[in-house]
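The values are calculated or read from the model by the stated rules, or taken from the named source; none is laboratory data. Bear in mind that the values here come from a model prediction, so they are computed numbers and not experimental data. Quick reminder, even Gly has a Cβ in these numbers, built from the backbone with ideal geometry, and neighbours come from all protein chains shown.
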Amino acid sequence: MADLDDIRAWAARSIRILADDAARAEPTPLLPFPLPGDWGVSLLLKDESAHPTRTLKHRAARALFRHAIACGRIVEGTPVVEATGGGAAVAQAYTARLLGLPYTAVMPGEPDGRRAAPVRDLGGDVRFVTPPLAIYDEARRLAADSGGCFLDQFGWAERALDHRGDDLAGELFAQASRPDWVVAGAGTGATAASLGRHVREHGLSTRLAVVDPENSAYFPGWASGAADYATGMPSRIEGIGRPRMEPGFLPSLIDLMIRVPDAGSVAAARAVRAATGLPVGGSTGTCLWGALHLVSRMRDAGARGGVVAIIGDAGDRHLATYHDDGWAARKGLDPAPHAAAIDRFLHGAPWEPPAPRR
Ligand SMILES: Cc1ncc(COP(=O)(O)O)c(C=O)c1O
C-alpha cells in the first residue's frame, strides 16, 4: 500500500506534467475560410487538428486524466481503459504515455490493424468487440478486472473540460473576442457545454449553435425537450451524433441546433480541405455546413460580423473515407448536389441546400 504522501506527490507531479504539456503548446490557429469581402461577414475555423494527435480530443484527454487524477480515480500505475472507436483513443494513449500509465482502448468491430496502429504506436493496447454497443460493458469489465479506471468520456468529459482557462473555450474567446456565433458538434457534449458556459460566465453576446448529423438523438431531443430521446442508430459522422441523449449534452446552453445531412457534411469537409489543405474529418464538414447556414442568415439580413466553427480533426486516414467518392457511394451518400449548393452560395446565390431525402 503506497504511503499517502507518495500518492499525493505522484498526483501533483502528474498534474504538473499535464500542465507543462499544455503550456508548451501554441494556441491552435484560427484559419480564415474565404468568403466574398463585400459580405461583411467573416468565417474563422479554430483548427483543433493542430494538436500533436491532430484532434480536439487532445485537450479532452488531458482534461479527463487531470480530473480523474484530482478525483483519485487514477493513481500511480492505474491501468486506464476507454471505450471508443475514434480519435479519443489516440489522444488518450498519448496522455497515458506522458504519465507512464498503461492504456487500453476498447473499439467496436472486427480486429482492424489500421485503426489499432496509431494507439499501439503510442504504447497503448487495443481490443476489438462485437456487437458495437458491447464496448462500454467490456471496457468497464476490463477496468474492474485489472483494478483499473474506466475513463468514461461520456460520463466525465463535460465536467472535466474547463470553460474558463486553457481549454478550448478560454483559448477561442481570447483569440476571437466577440463572434456572433460559435459552431460546434456534439459527441460527449463537453465541447458545446464548455463554450456555452464560457459565454454565460463572461456575459458575451455570442450565440452557440450545435450541428447534428443524421441518425443522432440530439437534434430531436433538443427540439422536443425529451431528455431520454433515443434513435438507436449509429452516426456515420465520426465523433459526433449519438444514438441517445448523453448526460454531457446540455440543451439549456444551446441557442440553436442545426440538422445537417450527411452528404452535406461530406461535401463541406471537402470544401474545408480545398480551402485549407487539411484532410479534415466529417465532423468538421458538419460544422462548416452549419456555419454557412448562419453566414447566409447574416449576409441576407445585411448584418456585419463573424462566425467561428471548429475543425475537429484531420488526418490522412480521412482521405480514404470522407474525401473518397467510392467510400461515399458505398455509404449511400451523394455529396455532388451539396457541393454544388456550397459553390453557388459562395458565388452569391441564396443558401439553398438540396431537399432532404424522405
Ligand atoms: C467539430 C466537432 N465538434 C465537437 C466534437 C465532439 O466533441 P465532444 O465530445 O466534446 O462533444 C467533435 C468531435 O469529433 C468535432 O469534430
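Some points to look at:
- Scoring Ala340 on the criteria (1) assigned to a loop (DSSP other than H, G, I, E, B); (2) surrounded by 11 or more Cβ atoms within 10 Å (Cβ to Cβ) leaves a single failure, condition (1).
- The one condition from (1) of a type in the set (S, T, N, Q); (2) in contact with a strand residue (DSSP E or B) (Cβ under 6 Å, 6 or more places away or on another chain); (3) within 18 Å of Ala209 (Cα to Cα) that Thr276 does not meet is (3).
- Scanning the stretch 177-194 for residues that are free of Cβ contacts under 8 Å to residues at least 40 places away in the same chain and either outside the structural domain of Leu288 (by TED's automatic domain parsing) or crowded, with 19+ Cβ neighbours inside 10 Å (or both) turns up just one, Ser194.
- Subset of the stretch 145-175 that is acidic (Asp, Glu), touching a residue at least 60 places away in the same chain (Cβ under 8 Å) and in a helix (DSSP H, G or I) - its residue that is surrounded by the fewest Cβ atoms within 10 Å (Cβ to Cβ): Glu171
- If the condition is being surrounded by fewer than 24 Cβ atoms within 10 Å (Cβ to Cβ) and either in contact (Cβ under 8 Å) with a residue 60 or more places away in the chain or hydroxyl-bearing (Ser, Thr, Tyr) (or both), then the stretch 273-290 contributes Ala275, Thr276, Leu278.
- Filter pass, Val210 being within 23 Å of Asp47 (Cα to Cα), within 14 Å of the ligand (Cβ to nearest atom) and part of a strand (DSSP E or B): yes
- One residue stands out among those in the stretch 39-74 that are among the charged types (D, E, K, R) and in a strand (DSSP E or B): the one that is farthest from the ligand (Cβ to nearest atom), which is Asp47.
- Gly87 being in contact with a helix residue (DSSP H, G or I) (Cβ under 7 Å, 6 or more places away or on another chain), more than 26 Å from Ala11 (Cβ to Cβ) and buried (at least 19 other Cβ atoms within 10 Å of the Cβ): yes
- Inside the stretch 256-298, residues that are farther than 23 Å from Gln175 by Cβ and either among the charged types (D, E, K, R) or not assigned by TED's automatic domain parsing to the domain that holds Met233 (or both) make up a count of 4.
- Residue check for Gly72: in the same structural domain as Gln175 (by TED's automatic domain parsing) and either at pLDDT 95 or above or not polar (S, T, N, Q) (or both): no
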